[in-house]
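Since every read-out is calculated from the coordinates, none of them should be taken as a lab result. Source: prediction; values computed, not measured. Please note: Cβ atoms are built from the backbone with ideal geometry, for glycine as well, and neighbour counts cover all protein chains shown.
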Amino acid sequence: MEMHDANGDTRRTAPNGAPEDRENVFEVRGLTKVYDMGEVQVHALRGVDLDLYDSELVVLLGASGSGKSTLLNILGGLDTATDGSVRYEGWDLTRATERELTRYRRHHVGFIFQFYNLIPSLTARENVAIVTEIADDPMTPDEALEVVGLGDRSDHFPAQLSGGQQQRVAIARAIAKRPAVLLCDEPTGALDSETGIIVLDALDRVNRELGTTTVVITHNVEQSKIAERVIYLRDGQVETVKVNEHRKAPKELEW
């Protein structure tokens, strides 16, 4: 099978949509998550099986309550599974200690959330520097801001930036430590469509230029067209996996 990326380039995929030339980054098998809410049990994930590959951009698509955020939080080491396994580059996250998960989050994973969580009293450069000061091999804050197109806003405070610019600072902060994986939970959820497209373009650029495995949660079908693969979740299960044989560039999207 052949597919075309947003630049029109062609690459081969296996019959299940897996990129033939990519290494497996995450292997998820039988993943289950049950929350005890008093006398009621909420089954957020019901035996999820999936694989994520090196350098790919994947969208997790589904309605609210489908299990997208729970799955992302377990992949990122922010939550633990009730049953099943998650292997990251062969290492079983489900058997990791809290200290091991902390090191995993610090050195391997970047997070982007719907809300930017910037510190108001710090400039864009200083917000990014918070991460670079604890990373092993970080970019400089200015390098990270250049990647997301904000090199000329490094001395601005969050209140002096638009919502889209603040989200791009959050992306710069996440990528500054050079994570292998970037996990994005509704990164355009608080933005209008025009600004959201700019943010998606920044994520697409990070994926292409840095080779960061990027997972984006959305309930917006139009946004899923930028992904190499779209994983549909429903009621805590993977309903289907679709390969985008002709990916769109973020600037081509309309919603």
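Determine the sum of side-chain charges near Val25: Lys and Arg each +1, Asp and Glu each -1, restricted to other residues whose C-beta is under 10 angstrom from that of Val25. Taking every other residue near Val25 into account, the sum is -4.
Whole angstrom only: what separates the Cα centroid of the stretch 36-86 from the Cα centroid of the stretch 199-255? Answer, in whole Å: 17. Report note on the peptides 80-93, 63-76: ranked by the mean count of other C-beta atoms within 10 Å, highest first, their order is 63-76, 80-93. Straight-line cross-link partners of Lys33 among the lysines, defined as a Cα under 26 Å from its Cα and at least 8 positions apart when in the same chain: Lys68, Lys242.
In the chain, the DSSP beta bridges split such that about 60 percent are antiparallel, to the nearest 5. Residue ranges 135-142, 55-62 sort as 55-62, 135-142 when ordered by packing (mean number of other C-beta atoms within 10 Å per residue, highest first). Applying the Karplus relation 6.51 cos²θ - 1.76 cosθ + 1.60 with θ = phi - 60° to the stretch 41-51 yields 3J(HN,Hα) values of 9, 10, 8, 7, 10, 10, x, 7, 10, 6, 10 Hz, where x marks Gly and Pro. Spacing of the modelled spin labels on Met37 and Glu254, each 7 Å from Cα toward Cβ, amounts to 3.9 nm.
For the chain, averaging the sequence separation of C-alpha pairs within contact (under 8 Å, six or more residues apart) and dividing by the residue count gives a relative contact order of 27 percent. Charges were assigned to the Cβ only: +1 to each Lys and Arg, -1 to each Asp and Glu. The resulting dipole of the chain about its Cα centre is roughly 260 debye.
Computing Rg and the Kirkwood Rh from the Cα coordinates of the chain gives a ratio, Rg/Rh, of 0.96. Between amide H atoms placed 1.01 Å from N, distances below 5 Å from His156 occur with Ala124, Arg125, all of them 5 or more places distant or on a separate chain. Orientation-averaged projection of the stretch 143-255 equals 7.6 nm² [convex hull of Cα atoms, one quarter of hull surface area]. Extension gain, Lys242 to Asn220, is 6.4 nm, computed as 0.36 nm per intervening residue step minus the present C-alpha separation.
Please report, to two decimal places, log10 I(q)/I(0) for the stretch 99-188 at q = 0.17, 0.25 Å⁻¹ as given by the Debye formula with identical point scatterers on the Cα atoms and no solvent. Debye intensities relative to I(0), on a log10 scale: -0.63, -1.29. Cross-link reach is defined here as a Cα-Cα straight distance under 18 Å, omitting same-chain residues fewer than 8 places apart; for Lys251 the lysines meeting it are Lys225.
Summing charges over neighbours of Glu98, with a neighbour being any other residue whose Cβ is under 14 Å away from its Cβ, gives +3 when K and R count +1 and D and E count -1.
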